[in-house]
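Enquirer: Below is the structure I would like to discuss, written out as structure tokens.
The values are calculated or read from the model by the stated rules, or taken from the named source; none is laboratory data. Remember, it's a predicted structure, so these values are computed and weren't measured experimentally. What goes into the accessible areas is simple: the full protein's heavy atoms, side chains included, and nothing from ligands, DNA or RNA. Shrake-Rupley method; radii C 1.70, N 1.55, O 1.52, S 1.80 Å.
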Amino acid sequence: MGKKKKNERDEHMSESWLIPYADLLTLLLALFIVLFASSQIDQKKFQEIARAFSNAFAGGTGVLDFQSPVEPITPPAQDEKGRQQEKQPSPSISEQEKEGLAQIKEKIDAYIRENKLSGKLQTSLTDEGLAITILDDILFDSGSADVRMKDRRLAAEISALLVMNPPRNVIISGHTDNVPIHNAQFASNWELSVMRAVNFMKVLLENKQLDPRYFSAKGYGEYKPIASNATAAGRMKNRRVEILVLPRTELNHP
């Protein structure tokens, strides 16, 4: 009889390890979920994981009872035949707008030829619109953002070329070379480029036929060079003001 009781006790003790083993597996599962979700976690999801972890330690409901904190991956959209739909590209410039910008370019090019300004003004049609590049040595003195009085006539003539029907959005951007500047007015080339763009835009808008709602100004400093700054000729090309005439669309029309 004593031997039988001893065997029953040993059998009961041999199964007691299952309880801590099950708890350990639950905690490991919770740990792996935390590690898996940590790269995409936000505050709300962190609270969900914290509650799950707390319950795992307390022996309450397991982590599998909570909603997964990881966002489900949404499969790509498919057509009726189950094929993935390709993302539609942004609409390109319409043929009508291309023709309109080309006509404006020809008008400006004719002005450049008549006034022998090919070394100072350049035009080009880009994916963004019509770009007009003006080298800064015909507008500003070195280190200054004020349009020179002798060049205000040129600015006024350029403003007349920008009178369009229908009107289009125009962005004026200032650019410099990489030679550092620090004077009483400007602490950096960035500030200089911004003020040159703004001041040139102000001169253009003295033309009352232009609507200020269509104009904006930017400054890029030395960070968008079009030539090497290693040579004087390259630095001169980088010191410029650019006029970008955007194509007329519903998105950029005030």
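Enquirer: If you wrap a convex hull around the alpha carbons of the range 199-254, what volume per residue comes out, as a whole number of Å³? Don't skip to the answer; put the middle values down first.
Expert: Working: hull volume 6.3 nm³, N = 56.
In the range 199-254, the Cα hull volume divided by residue count equals 112 Å³.
Enquirer: Before I look further, what does the range 128-223 give for accessible area per residue, probe 1.4 Å, in whole square angstrom?
Expert: Working: 4670 Å² over 96 residues.
In whole numbers, the range 128-223 has 49 Å² accessible per residue.
Enquirer: Further question: Would you check the accessible area of Arg152, probe 1.4 Å, heavy atoms only, in square angstrom rounded to 10?
Expert: Near enough 80 Å² of accessible area.
Enquirer: Further, regarding this structure: Not counting ligands, DNA or RNA, and with a 1.4 Å probe, what is Phe32's accessible surface area in Å² rounded to the nearest 10?
Expert: 130
Enquirer: Can I ask one more? Just the Kirkwood number for the range 110-254, please: inverse of mean 1/r across all distinct Cα pairs, in Å, one decimal. Please list the in-between numbers first.
Expert: Working: mean 1/r = 0.0641 Å⁻¹.
Its Kirkwood hydrodynamic radius stands at 15.6 Å.
Enquirer: Okay, next question. For Val179, tell me the accessible area in Å² from a 1.4 Å probe, rounded to the nearest 10.
Expert: About 70 Å², ignoring ligands and nucleic acids.
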